[in-house]
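The structure that follows is given in the form of C-alpha coordinates.
The values are calculated or read from the model by the stated rules, or taken from the named source; none is laboratory data. Everything numeric here is computed off the predicted structure, so don't read it as measured data. A quick note on method: Cβ atoms are made from the backbone with ideal geometry, for glycine too, and the neighbour counts reach across all protein chains shown. When the accessible area is computed, the model is the full protein with side chains, heavy atoms only, and any ligands, DNA or RNA have been set aside. Shrake-Rupley method; radii C 1.70, N 1.55, O 1.52, S 1.80 Å.
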Amino acid sequence: MKRVGIVGGGPGGLMSAYFLEKLCDSPFEITLFEMSDRLGGKIITPCFKSVPLQYEAGAAEFYDYAHFGEDPLKELIAELGLSISPMGGSAVIMNGQILTNAEDIREHLGQNTYQELRAFDQRARNIMIPDEFYHSDHPEGSPDQVNNIPFNVLLSEIQDESAQNYVETLIHSDLATEPSLTNVAYGLQNYLMNDVDYMLLYGIVGGNEQLPRELAARIHATFRMEHRVCRIGKVDQKYRIESEFHGQNSTELFDAVIVALPHNKVPSVIFEGDSLSSAVQEHQEQFNFPAHYLRITILFEKPFWRSRLTDSFWMLDQFGGCCLYDESMRQPGGEHGILGWLLGGDTALKMSEWEDDRLIQAALDSLPEFLQEGRQDFLEGAVHRWPASVNGMPGGGVQWNHDRRHLPEPVNHPHLFFVGDYLFDSTLNGVLDSAHYVASWIATHLYEHH
Ligand SMILES: Cc1cc2nc3c(=O)[nH]c(=O)nc-3n(C[C@H](O)[C@H](O)[C@H](O)COP(=O)(O)OP(=O)(O)OC[C@H]3O[C@@H](n4cnc5c(N)ncnc54)[C@H](O)[C@@H]3O)c2cc1C
(Lines give C-alpha, C1' and ligand atoms only; values in the text may rest on other atoms or scores of the structure.)
Protein backbone atom coordinates (compact mmCIF):
# COMPACT_ATOMS: atom_id res chain seq x y z
CA MET A 1 0.00 0.00 0.00
CA LYS A 2 1.46 3.36 -1.04
CA ARG A 3 1.26 6.18 1.49
CA VAL A 4 0.63 9.84 0.67
CA GLY A 5 1.26 12.58 3.24
CA ILE A 6 -0.60 15.88 2.89
CA VAL A 7 0.60 18.94 4.81
CA GLY A 8 -2.19 21.44 5.56
CA GLY A 9 -5.91 20.90 6.15
CA GLY A 10 -7.15 23.97 4.28
CA PRO A 11 -9.12 23.79 1.03
CA GLY A 12 -5.94 22.87 -0.87
CA GLY A 13 -5.08 19.87 1.31
CA LEU A 14 -8.68 18.64 1.48
CA MET A 15 -9.25 19.00 -2.26
CA SER A 16 -5.97 17.17 -2.96
CA ALA A 17 -7.12 14.24 -0.80
CA TYR A 18 -10.59 14.24 -2.31
CA PHE A 19 -9.36 14.23 -5.92
CA LEU A 20 -6.68 11.67 -5.17
CA GLU A 21 -9.30 9.29 -3.82
CA LYS A 22 -11.45 9.92 -6.86
CA LEU A 23 -8.73 9.56 -9.46
CA CYS A 24 -6.45 6.83 -8.11
CA ASP A 25 -7.42 3.22 -8.98
CA SER A 26 -4.57 1.59 -7.08
CA PRO A 27 -4.60 1.14 -3.29
CA PHE A 28 -3.07 3.90 -1.21
CA GLU A 29 -3.62 5.64 2.10
CA ILE A 30 -3.57 9.31 3.00
CA THR A 31 -2.37 10.97 6.20
CA LEU A 32 -3.24 14.66 6.48
CA PHE A 33 -1.41 16.93 8.93
CA GLU A 34 -3.17 20.05 10.18
CA MET A 35 -1.49 22.29 12.71
CA SER A 36 -4.68 23.79 14.19
CA ASP A 37 -7.66 22.04 15.76
CA ARG A 38 -9.94 22.71 12.79
CA LEU A 39 -10.00 21.94 9.08
CA GLY A 40 -10.83 24.53 6.45
CA GLY A 41 -7.94 27.02 6.62
CA LYS A 42 -9.03 30.44 5.41
CA ILE A 43 -12.62 29.36 4.77
CA ILE A 44 -14.10 30.11 8.16
CA THR A 45 -17.72 30.86 9.07
CA PRO A 46 -17.87 31.69 12.80
CA CYS A 47 -20.78 32.94 14.93
CA PHE A 48 -21.06 36.06 17.04
CA LYS A 49 -20.82 35.60 20.81
CA SER A 50 -24.06 37.37 21.75
CA VAL A 51 -26.34 36.01 19.02
CA PRO A 52 -25.81 32.72 17.12
CA LEU A 53 -25.58 34.40 13.73
CA GLN A 54 -22.89 33.48 11.23
CA TYR A 55 -20.59 35.59 9.10
CA GLU A 56 -17.71 34.89 6.74
CA ALA A 57 -14.39 35.74 8.37
CA GLY A 58 -12.18 34.53 5.51
CA ALA A 59 -13.11 33.66 1.93
CA ALA A 60 -16.28 35.57 1.14
CA GLU A 61 -17.47 34.46 -2.25
CA PHE A 62 -16.92 31.89 -4.96
CA TYR A 63 -16.13 32.91 -8.52
CA ASP A 64 -18.54 31.55 -11.10
CA TYR A 65 -17.05 30.70 -14.49
CA ALA A 66 -19.85 28.39 -15.65
CA HIS A 67 -20.59 30.64 -18.66
CA PHE A 68 -17.18 29.64 -20.07
CA GLY A 69 -18.49 26.07 -20.36
CA GLU A 70 -16.69 24.50 -17.41
CA ASP A 71 -16.44 25.40 -13.75
CA PRO A 72 -14.83 22.63 -11.68
CA LEU A 73 -15.38 24.42 -8.35
CA LYS A 74 -19.08 24.95 -8.96
CA GLU A 75 -19.33 21.32 -10.10
CA LEU A 76 -17.57 20.14 -6.94
CA ILE A 77 -19.91 22.18 -4.72
CA ALA A 78 -22.92 20.63 -6.49
CA GLU A 79 -21.38 17.15 -6.18
CA LEU A 80 -21.12 17.70 -2.42
CA GLY A 81 -24.86 18.47 -2.31
CA LEU A 82 -24.42 22.10 -1.26
CA SER A 83 -26.79 24.87 -2.34
CA ILE A 84 -25.51 28.17 -3.60
CA SER A 85 -26.97 31.62 -3.80
CA PRO A 86 -25.85 34.38 -6.18
CA MET A 87 -24.05 37.43 -4.85
CA GLY A 88 -23.56 40.78 -6.48
CA GLY A 89 -23.03 44.46 -5.93
CA SER A 90 -22.75 47.43 -8.22
CA ALA A 91 -22.61 50.36 -5.79
CA VAL A 92 -19.48 52.37 -5.12
CA ILE A 93 -19.77 54.97 -2.35
CA MET A 94 -17.54 57.95 -3.08
CA ASN A 95 -17.57 61.28 -1.25
CA GLY A 96 -20.69 60.13 0.60
CA GLN A 97 -22.66 59.49 -2.63
CA ILE A 98 -23.93 56.12 -3.84
CA LEU A 99 -22.85 55.52 -7.44
CA THR A 100 -24.55 52.56 -9.05
CA ASN A 101 -24.63 53.41 -12.75
CA ALA A 102 -23.34 55.69 -15.46
CA GLU A 103 -25.96 58.33 -14.65
CA ASP A 104 -24.86 58.52 -11.00
CA ILE A 105 -21.23 58.85 -12.05
CA ARG A 106 -22.03 61.64 -14.49
CA GLU A 107 -24.16 63.46 -11.96
CA HIS A 108 -21.82 63.25 -8.97
CA LEU A 109 -18.35 63.02 -10.51
CA GLY A 110 -18.89 64.95 -13.75
CA GLN A 111 -18.83 64.28 -17.47
CA ASN A 112 -15.04 64.28 -17.72
CA THR A 113 -14.64 61.59 -15.04
CA TYR A 114 -17.35 59.54 -16.67
CA GLN A 115 -15.61 59.69 -20.04
CA GLU A 116 -12.26 58.76 -18.56
CA LEU A 117 -13.86 55.78 -16.83
CA ARG A 118 -15.48 54.65 -20.05
CA ALA A 119 -12.19 54.93 -21.89
CA PHE A 120 -10.40 52.93 -19.17
CA ASP A 121 -13.10 50.28 -19.24
CA GLN A 122 -12.78 49.93 -23.00
CA ARG A 123 -9.00 49.73 -22.74
CA ALA A 124 -9.23 47.05 -20.03
CA ARG A 125 -11.61 44.95 -22.13
CA ASN A 126 -9.38 45.32 -25.18
CA ILE A 127 -6.30 44.18 -23.28
CA MET A 128 -8.06 41.17 -21.79
CA ILE A 129 -11.07 39.59 -23.48
CA PRO A 130 -13.23 37.20 -21.38
CA ASP A 131 -11.45 34.11 -22.71
CA GLU A 132 -8.03 35.50 -21.82
CA PHE A 133 -9.38 36.41 -18.40
CA TYR A 134 -10.52 32.81 -17.86
CA HIS A 135 -7.15 31.42 -18.94
CA SER A 136 -5.01 34.15 -17.40
CA ASP A 137 -3.44 31.82 -14.85
CA HIS A 138 -2.05 29.56 -17.56
CA PRO A 139 1.49 30.36 -18.71
CA GLU A 140 0.34 30.73 -22.28
CA GLY A 141 -2.90 32.43 -21.22
CA SER A 142 -1.93 36.07 -20.86
CA PRO A 143 0.47 37.91 -23.13
CA ASP A 144 3.83 39.04 -21.74
CA GLN A 145 2.91 42.69 -22.15
CA VAL A 146 0.45 42.39 -19.25
CA ASN A 147 2.72 40.28 -17.05
CA ASN A 148 5.72 42.57 -17.18
CA ILE A 149 4.14 45.97 -16.57
CA PRO A 150 3.24 47.16 -13.05
CA PHE A 151 -0.47 47.86 -12.72
CA ASN A 152 0.05 51.45 -11.47
CA VAL A 153 1.54 52.29 -14.89
CA LEU A 154 -1.78 51.46 -16.53
CA LEU A 155 -3.71 53.28 -13.81
CA SER A 156 -1.57 56.40 -14.25
CA GLU A 157 -2.87 56.67 -17.82
CA ILE A 158 -6.16 57.76 -16.26
CA GLN A 159 -5.70 61.55 -16.19
CA ASP A 160 -8.69 62.44 -14.06
CA GLU A 161 -8.10 62.07 -10.31
CA SER A 162 -11.66 61.06 -9.39
CA ALA A 163 -11.70 58.46 -12.16
CA GLN A 164 -8.46 57.00 -10.82
CA ASN A 165 -9.85 57.01 -7.25
CA TYR A 166 -12.98 55.30 -8.46
CA VAL A 167 -11.06 52.44 -10.09
CA GLU A 168 -8.78 52.06 -7.05
CA THR A 169 -11.78 52.00 -4.70
CA LEU A 170 -13.41 49.39 -6.87
CA ILE A 171 -10.53 46.94 -6.87
CA HIS A 172 -8.37 47.57 -3.80
CA SER A 173 -9.96 45.00 -1.51
CA ASP A 174 -9.88 42.25 -4.15
CA LEU A 175 -6.31 43.01 -5.11
CA ALA A 176 -5.19 42.96 -1.43
CA THR A 177 -2.02 44.74 -2.50
CA GLU A 178 -1.00 48.08 -3.98
CA PRO A 179 -1.17 48.66 -7.76
CA SER A 180 2.61 49.23 -7.89
CA LEU A 181 3.22 45.79 -6.35
CA THR A 182 1.33 43.76 -8.92
CA ASN A 183 1.15 43.53 -12.70
CA VAL A 184 -1.37 44.65 -15.30
CA ALA A 185 -2.64 41.07 -15.74
CA TYR A 186 -3.63 40.62 -12.09
CA GLY A 187 -4.81 44.22 -11.73
CA LEU A 188 -7.11 43.84 -14.71
CA GLN A 189 -8.44 40.49 -13.52
CA ASN A 190 -9.56 42.25 -10.36
CA TYR A 191 -11.08 45.12 -12.31
CA LEU A 192 -12.85 42.99 -14.92
CA MET A 193 -14.31 40.56 -12.37
CA ASN A 194 -16.91 43.26 -11.68
CA ASP A 195 -18.26 42.76 -15.20
CA VAL A 196 -20.85 40.00 -15.70
CA ASP A 197 -19.35 39.13 -19.11
CA TYR A 198 -16.26 38.05 -17.21
CA MET A 199 -17.48 36.61 -13.93
CA LEU A 200 -20.39 36.04 -11.55
CA LEU A 201 -20.28 35.46 -7.80
CA TYR A 202 -22.02 33.17 -5.35
CA GLY A 203 -21.89 31.99 -1.75
CA ILE A 204 -22.79 28.66 -0.13
CA VAL A 205 -26.17 28.70 1.60
CA GLY A 206 -25.60 28.09 5.32
CA GLY A 207 -21.96 29.24 5.23
CA ASN A 208 -18.91 28.77 3.02
CA GLU A 209 -17.23 26.57 5.64
CA GLN A 210 -19.56 23.78 4.59
CA LEU A 211 -17.27 23.20 1.61
CA PRO A 212 -14.27 22.01 3.68
CA ARG A 213 -16.62 20.26 6.13
CA GLU A 214 -18.27 18.22 3.39
CA LEU A 215 -14.93 17.43 1.76
CA ALA A 216 -13.52 16.21 5.08
CA ALA A 217 -16.59 14.04 5.68
CA ARG A 218 -15.97 12.19 2.40
CA ILE A 219 -12.21 11.67 2.68
CA HIS A 220 -10.92 8.38 4.10
CA ALA A 221 -7.68 9.88 5.40
CA THR A 222 -6.06 9.70 8.80
CA PHE A 223 -6.33 13.25 10.12
CA ARG A 224 -3.47 14.27 12.37
CA MET A 225 -4.98 17.36 13.96
CA GLU A 226 -2.82 19.82 15.95
CA HIS A 227 0.22 18.35 14.20
CA ARG A 228 2.48 21.10 12.93
CA VAL A 229 4.78 19.82 10.21
CA CYS A 230 8.24 21.19 10.94
CA ARG A 231 10.58 19.21 8.67
CA ILE A 232 10.45 17.29 5.40
CA GLY A 233 13.30 15.21 4.00
CA LYS A 234 14.08 12.04 2.10
CA VAL A 235 15.30 8.65 3.34
CA ASP A 236 16.18 6.24 0.52
CA GLN A 237 13.13 6.32 -1.77
CA LYS A 238 10.72 7.56 0.94
CA TYR A 239 9.82 11.03 2.14
CA ARG A 240 9.97 11.70 5.86
CA ILE A 241 7.57 14.14 7.51
CA GLU A 242 8.41 15.30 11.02
CA SER A 243 5.56 16.86 12.95
CA GLU A 244 5.13 18.35 16.37
CA PHE A 245 2.08 17.58 18.54
CA HIS A 246 1.81 19.25 21.96
CA GLY A 247 5.60 19.52 22.27
CA GLN A 248 6.31 15.93 21.09
CA ASN A 249 7.97 15.33 17.73
CA SER A 250 7.39 12.24 15.60
CA THR A 251 8.24 11.15 12.06
CA GLU A 252 6.43 9.12 9.41
CA LEU A 253 7.49 7.86 5.98
CA PHE A 254 5.55 8.36 2.75
CA ASP A 255 5.82 7.50 -0.95
CA ALA A 256 4.57 10.94 -1.98
CA VAL A 257 4.01 14.24 -0.18
CA ILE A 258 1.77 17.19 -1.02
CA VAL A 259 2.67 20.47 0.69
CA ALA A 260 -0.67 22.31 0.62
CA LEU A 261 0.39 25.41 2.51
CA PRO A 262 -0.10 29.06 1.62
CA HIS A 263 3.02 30.82 0.43
CA ASN A 264 3.62 32.59 3.77
CA LYS A 265 3.65 29.29 5.72
CA VAL A 266 6.15 27.41 3.54
CA PRO A 267 9.21 28.96 5.30
CA SER A 268 8.00 27.53 8.63
CA VAL A 269 8.97 24.07 7.36
CA ILE A 270 12.61 22.96 7.06
CA PHE A 271 13.30 21.17 3.78
CA GLU A 272 16.32 18.92 4.22
CA GLY A 273 19.29 18.60 1.89
CA ASP A 274 20.95 21.13 -0.39
CA SER A 275 19.07 20.35 -3.59
CA LEU A 276 15.63 20.42 -1.95
CA SER A 277 16.20 23.44 0.26
CA SER A 278 17.56 25.55 -2.59
CA ALA A 279 14.73 24.44 -4.92
CA VAL A 280 12.12 25.40 -2.30
CA GLN A 281 13.94 28.70 -1.77
CA GLU A 282 13.69 29.41 -5.50
CA HIS A 283 10.02 28.44 -5.45
CA GLN A 284 9.44 30.88 -2.57
CA GLU A 285 11.18 33.72 -4.36
CA GLN A 286 9.19 33.17 -7.55
CA PHE A 287 5.90 33.70 -5.69
CA ASN A 288 7.01 36.17 -3.03
CA PHE A 289 4.35 38.86 -3.38
CA PRO A 290 2.63 38.94 0.01
CA ALA A 291 -0.77 40.59 0.11
CA HIS A 292 -2.88 41.41 3.14
CA TYR A 293 -6.44 41.33 4.37
CA LEU A 294 -8.19 42.57 7.48
CA ARG A 295 -11.81 41.87 8.29
CA ILE A 296 -13.95 43.81 10.75
CA THR A 297 -17.46 42.42 11.14
CA ILE A 298 -20.16 44.19 13.13
CA LEU A 299 -23.51 42.92 14.35
CA PHE A 300 -26.29 45.54 14.51
CA GLU A 301 -29.79 45.37 15.90
CA LYS A 302 -31.20 45.86 12.41
CA PRO A 303 -29.99 46.26 8.82
CA PHE A 304 -30.39 50.05 8.94
CA TRP A 305 -28.81 50.53 5.47
CA ARG A 306 -31.35 48.49 3.52
CA SER A 307 -33.54 51.46 2.52
CA ARG A 308 -30.54 52.76 0.53
CA LEU A 309 -28.37 49.71 -0.20
CA THR A 310 -29.79 46.30 -1.08
CA ASP A 311 -26.90 44.42 -2.75
CA SER A 312 -24.75 41.67 -1.15
CA PHE A 313 -21.85 44.12 -0.98
CA TRP A 314 -20.72 47.56 -2.00
CA MET A 315 -17.43 49.43 -2.24
CA LEU A 316 -16.44 52.33 -0.02
CA ASP A 317 -13.78 54.98 -0.61
CA GLN A 318 -12.29 54.50 2.87
CA PHE A 319 -9.09 52.69 3.96
CA GLY A 320 -7.69 53.08 0.42
CA GLY A 321 -10.84 51.41 -0.95
CA CYS A 322 -12.63 48.62 0.89
CA CYS A 323 -15.53 46.25 0.37
CA LEU A 324 -18.49 46.27 2.71
CA TYR A 325 -20.44 42.99 2.75
CA ASP A 326 -24.01 42.80 3.92
CA GLU A 327 -23.36 39.53 5.74
CA SER A 328 -26.97 39.42 6.92
CA MET A 329 -28.08 38.87 3.29
CA ARG A 330 -26.62 35.38 3.59
CA GLN A 331 -29.23 34.53 6.25
CA PRO A 332 -32.40 36.11 4.93
CA GLY A 333 -35.37 36.72 7.16
CA GLY A 334 -33.47 37.60 10.35
CA GLU A 335 -34.00 40.81 12.29
CA HIS A 336 -30.36 41.67 12.82
CA GLY A 337 -27.99 43.38 10.43
CA ILE A 338 -24.37 42.35 9.88
CA LEU A 339 -21.78 44.41 8.00
CA GLY A 340 -18.34 43.04 7.15
CA TRP A 341 -15.55 45.43 6.16
CA LEU A 342 -12.87 43.81 4.00
CA LEU A 343 -9.73 45.94 3.95
CA GLY A 344 -6.81 45.07 1.71
CA GLY A 345 -3.21 45.97 0.97
CA ASP A 346 -0.88 48.22 2.96
CA THR A 347 -3.71 49.72 5.02
CA ALA A 348 -4.83 46.24 6.09
CA LEU A 349 -1.26 45.34 7.06
CA LYS A 350 -0.70 48.53 9.04
CA MET A 351 -4.07 48.41 10.80
CA SER A 352 -3.60 44.71 11.71
CA GLU A 353 -1.44 46.00 14.55
CA TRP A 354 -4.34 47.96 16.08
CA GLU A 355 -6.40 46.67 19.00
CA ASP A 356 -9.85 45.24 18.17
CA ASP A 357 -11.77 48.12 19.81
CA ARG A 358 -9.89 50.71 17.80
CA LEU A 359 -10.57 48.82 14.58
CA ILE A 360 -14.26 48.51 15.34
CA GLN A 361 -14.44 52.27 16.01
CA ALA A 362 -12.61 52.99 12.77
CA ALA A 363 -15.08 50.82 10.85
CA LEU A 364 -18.06 52.63 12.38
CA ASP A 365 -16.43 56.01 11.68
CA SER A 366 -15.99 55.02 8.04
CA LEU A 367 -19.74 54.71 7.45
CA PRO A 368 -20.95 57.47 5.15
CA GLU A 369 -22.83 60.38 6.75
CA PHE A 370 -26.21 59.08 5.60
CA LEU A 371 -25.66 55.82 7.56
CA GLN A 372 -24.06 57.27 10.70
CA GLU A 373 -27.29 57.06 12.70
CA GLY A 374 -27.00 53.23 12.47
CA ARG A 375 -24.14 53.33 14.99
CA GLN A 376 -26.72 53.35 17.76
CA ASP A 377 -27.75 49.83 16.68
CA PHE A 378 -24.26 48.44 17.39
CA LEU A 379 -24.27 45.13 19.29
CA GLU A 380 -20.93 43.36 18.79
CA GLY A 381 -17.80 43.51 16.67
CA ALA A 382 -15.29 40.85 15.58
CA VAL A 383 -11.87 41.21 13.98
CA HIS A 384 -9.92 38.74 11.82
CA ARG A 385 -6.39 39.61 10.74
CA TRP A 386 -4.91 38.06 7.62
CA PRO A 387 -1.49 39.70 7.04
CA ALA A 388 0.58 38.18 4.20
CA SER A 389 -1.95 35.40 3.88
CA VAL A 390 -2.71 35.83 0.17
CA ASN A 391 -0.66 36.51 -2.94
CA GLY A 392 -0.56 39.85 -4.76
CA MET A 393 0.91 38.48 -8.00
CA PRO A 394 -0.15 34.84 -8.21
CA GLY A 395 1.80 32.75 -10.70
CA GLY A 396 4.76 35.11 -10.19
CA GLY A 397 6.11 37.74 -12.57
CA VAL A 398 7.68 35.53 -15.23
CA GLN A 399 5.26 32.63 -15.68
CA TRP A 400 6.52 29.10 -15.01
CA ASN A 401 4.90 26.09 -16.63
CA HIS A 402 2.56 24.04 -14.47
CA ASP A 403 4.99 21.20 -13.74
CA ARG A 404 7.58 23.61 -12.45
CA ARG A 405 5.05 25.42 -10.26
CA HIS A 406 4.01 22.19 -8.56
CA LEU A 407 7.24 20.21 -8.40
CA PRO A 408 10.12 22.30 -7.04
CA GLU A 409 12.83 19.63 -7.28
CA PRO A 410 11.96 16.96 -9.87
CA VAL A 411 15.35 15.24 -10.05
CA ASN A 412 15.84 13.88 -6.53
CA HIS A 413 12.35 14.57 -5.17
CA PRO A 414 9.97 13.57 -7.97
CA HIS A 415 7.08 12.91 -5.57
CA LEU A 416 7.22 16.03 -3.43
CA PHE A 417 4.51 18.39 -4.72
CA PHE A 418 3.28 21.84 -3.80
CA VAL A 419 -0.36 22.90 -4.02
CA GLY A 420 -1.58 26.45 -3.55
CA ASP A 421 -3.79 29.25 -4.80
CA TYR A 422 -0.66 31.38 -5.18
CA LEU A 423 0.37 29.13 -8.09
CA PHE A 424 -2.69 30.28 -10.06
CA ASP A 425 -4.96 33.17 -9.09
CA SER A 426 -5.12 33.53 -5.28
CA THR A 427 -8.64 32.09 -5.14
CA LEU A 428 -10.45 28.88 -4.29
CA ASN A 429 -10.83 28.18 -8.01
CA GLY A 430 -7.06 28.37 -8.29
CA VAL A 431 -6.36 26.10 -5.34
CA LEU A 432 -8.79 23.57 -6.82
CA ASP A 433 -6.97 23.62 -10.17
CA SER A 434 -3.69 23.16 -8.34
CA ALA A 435 -4.99 20.27 -6.19
CA HIS A 436 -6.50 18.57 -9.23
CA TYR A 437 -3.28 18.89 -11.19
CA VAL A 438 -1.21 17.24 -8.46
CA ALA A 439 -3.80 14.55 -7.67
CA SER A 440 -3.95 13.55 -11.36
CA TRP A 441 -0.17 13.38 -11.48
CA ILE A 442 0.09 11.19 -8.40
CA ALA A 443 -2.81 8.99 -9.53
CA THR A 444 -1.06 8.41 -12.86
CA HIS A 445 2.53 7.99 -11.68
CA LEU A 446 2.54 6.72 -8.09
CA TYR A 447 2.84 3.08 -9.09
CA GLU A 448 5.46 3.63 -11.79
CA HIS A 449 9.01 2.46 -10.98
CA HIS A 450 11.80 5.03 -10.75
C1 LIG B 1 -9.88 37.55 4.09
C2 LIG B 1 -9.79 36.62 2.91
C3 LIG B 1 -10.77 36.68 1.95
C4 LIG B 1 -10.73 35.80 0.86
N5 LIG B 1 -11.74 35.86 -0.04
C6 LIG B 1 -11.79 34.94 -1.04
C7 LIG B 1 -12.89 34.93 -1.91
O8 LIG B 1 -13.83 35.72 -1.77
N9 LIG B 1 -12.90 34.00 -2.91
C10 LIG B 1 -11.88 33.10 -3.08
O11 LIG B 1 -11.94 32.27 -3.99
N12 LIG B 1 -10.81 33.10 -2.23
C13 LIG B 1 -10.74 34.00 -1.23
N14 LIG B 1 -9.69 34.00 -0.36
C15 LIG B 1 -8.57 33.05 -0.61
C16 LIG B 1 -8.90 31.64 -0.09
O17 LIG B 1 -9.19 31.70 1.27
C18 LIG B 1 -7.70 30.75 -0.38
O19 LIG B 1 -7.61 30.60 -1.79
C20 LIG B 1 -7.74 29.36 0.24
O21 LIG B 1 -8.02 29.40 1.61
C22 LIG B 1 -6.38 28.67 0.00
O23 LIG B 1 -6.40 27.37 0.58
P24 LIG B 1 -5.08 26.68 1.10
O25 LIG B 1 -5.49 25.34 1.57
O26 LIG B 1 -4.02 26.78 0.08
O27 LIG B 1 -4.57 27.57 2.31
P28 LIG B 1 -5.25 27.84 3.72
O29 LIG B 1 -6.69 28.07 3.59
O30 LIG B 1 -4.44 28.92 4.35
O31 LIG B 1 -5.03 26.48 4.53
C32 LIG B 1 -3.77 26.06 4.95
C33 LIG B 1 -3.89 25.16 6.17
O34 LIG B 1 -2.58 24.70 6.53
C35 LIG B 1 -2.44 24.72 7.93
N36 LIG B 1 -1.00 24.81 8.23
C37 LIG B 1 -0.18 25.91 8.12
N38 LIG B 1 1.08 25.57 8.43
C39 LIG B 1 1.07 24.25 8.74
C40 LIG B 1 2.08 23.32 9.14
N41 LIG B 1 3.37 23.68 9.26
N42 LIG B 1 1.72 22.03 9.40
C43 LIG B 1 0.44 21.63 9.26
N44 LIG B 1 -0.56 22.47 8.89
C45 LIG B 1 -0.25 23.76 8.61
C46 LIG B 1 -3.25 25.95 8.35
O47 LIG B 1 -3.61 25.86 9.71
C48 LIG B 1 -4.44 25.86 7.40
O49 LIG B 1 -5.48 25.09 7.94
C50 LIG B 1 -9.67 34.87 0.73
C51 LIG B 1 -8.67 34.84 1.70
C52 LIG B 1 -8.72 35.70 2.78
C53 LIG B 1 -7.64 35.66 3.83
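Place a +1 charge on the Cβ of each Lys and Arg in the stretch 22-139 and a -1 charge on the Cβ of each Asp and Glu, then give the dipole magnitude about the Cα centre in debye, rounded to the nearest 20.
420
Now for a different question. Under the rule of at least 5 residues apart or a separate chain, name every residue whose amide H is placed under 5 Å from the amide H of A176.
G345
For the stretch 360-367, what does the Karplus curve 6.51 cos²θ - 1.76 cosθ + 1.60, with θ = phi - 60°, yield as ³J(HN,Hα) per residue in whole Hz, taken in order and with x for Gly and Pro?
Whole-Hz 3J(HN,Hα) from phi for the stretch 360-367: 5, 4, 4, 5, 4, 4, 6, 4.
I'd like the accessible area for K265, computed on protein heavy atoms only with a 1.4 Å probe and all protein chains in place. Round to 10 Å², please.
The accessible area of K265 comes to roughly 90 Å².
The stretch 342-450: which GluC sites (Glu not before Pro) are DSSP loop and have at most 12 other beta-carbon atoms within 10 angstrom?
For GluC sites (Glu not before Pro) across the stretch 342-450 that sit outside H, G, I, E and B with at most 12 neighbouring Cβ atoms in 10 Å, the list reads E353, E355, E448.
Right, another one. Test of understanding: in a Gaussian network model of the chain with alpha carbons linked when under 10 Å, which of A388, A221, A102 would top the mean-square fluctuation ranking?
Taking springs between Cα atoms under 10 Å, the residue moving most is A102.
Can you compute 3J(HN,Hα) from phi for each residue in the stretch 90-106, using the Karplus curve 6.51 cos²θ - 1.76 cosθ + 1.60 with θ = phi - 60°, rounded to whole Hz and x for Gly and Pro?
Listing the rounded values in order: 10, 7, 10, 9, 10, 6, x, 10, 8, 10, 10, 8, 4, 4, 4, 5, 4 Hz.
Mind grabbing the accessible area of H415 for me, 1.4 Å probe, Å², rounded to tens?
20
To continue, here is another question. Against the longest principal axis of the chain, how steep is helix 274-286, in degrees 0 to 90 to the nearest 10, with axes from Cα atoms?
Tilt relative to the chain: about 10 degrees.
Follow-up question, since we're still on this one. Setting aside same-chain residues fewer than 8 positions from K49, which lysines have a Cα under 25 Å from its Cα?
K302
Quick query: amide H of A60 versus all other amide H atoms, modeled in the peptide plane; which residues come in under 5 Å with a sequence gap of 5 or more or a different chain?
Close amide H contacts, sequence-distant or interchain: none at all.
OK, next. What does the accessible area of W354 come to, in Å² to the nearest 10, when a probe of 1.4 Å is used?
My reading of the accessible area for W354 is about 60 Å².
If amide H atoms are built 1.01 Å from N in the plane of the peptide, which residues on other chains or at least 5 residues away come under 5 Å of the amide H of S389?
A291, Y293
At what distance in nm do the modelled label points of D195 and E353 sit from each other, each positioned 7 Å from its Cα along Cα→Cβ?
4.0
Work out from phi, with θ = phi - 60° and the Karplus expression 6.51 cos²θ - 1.76 cosθ + 1.60, the ³J(HN,Hα) of each residue of the stretch 236-247, listed in order in whole Hz, and give x for Gly and Pro.
6, 8, 9, 9, 10, 10, 9, 10, 10, 10, 6, x
How would the stretch 404-443 be classified by its alpha-carbon gyration tensor: rounded, prolate or oblate, with rounded meaning a/c under 1.5 and the a/b versus b/c comparison settling the rest?
Oblate, because a/c is 1.5 or more while a/b does not exceed b/c.
Now, a different point. Using only Cα positions of the stretch 268-379, each an equal point scatterer, no hydration layer, compute I(q)/I(0) via Debye at q = 0.19, 0.24 Å⁻¹ and quote the log10 values to two decimals.
Here log10 of I(q) over I(0) equals -0.96, -1.36.
Using a cut-off of 24 Å between alpha-carbon atoms, which lysines can reach K2, once sequence neighbours fewer than 8 places away in the same chain are excluded?
K22, K234, K238
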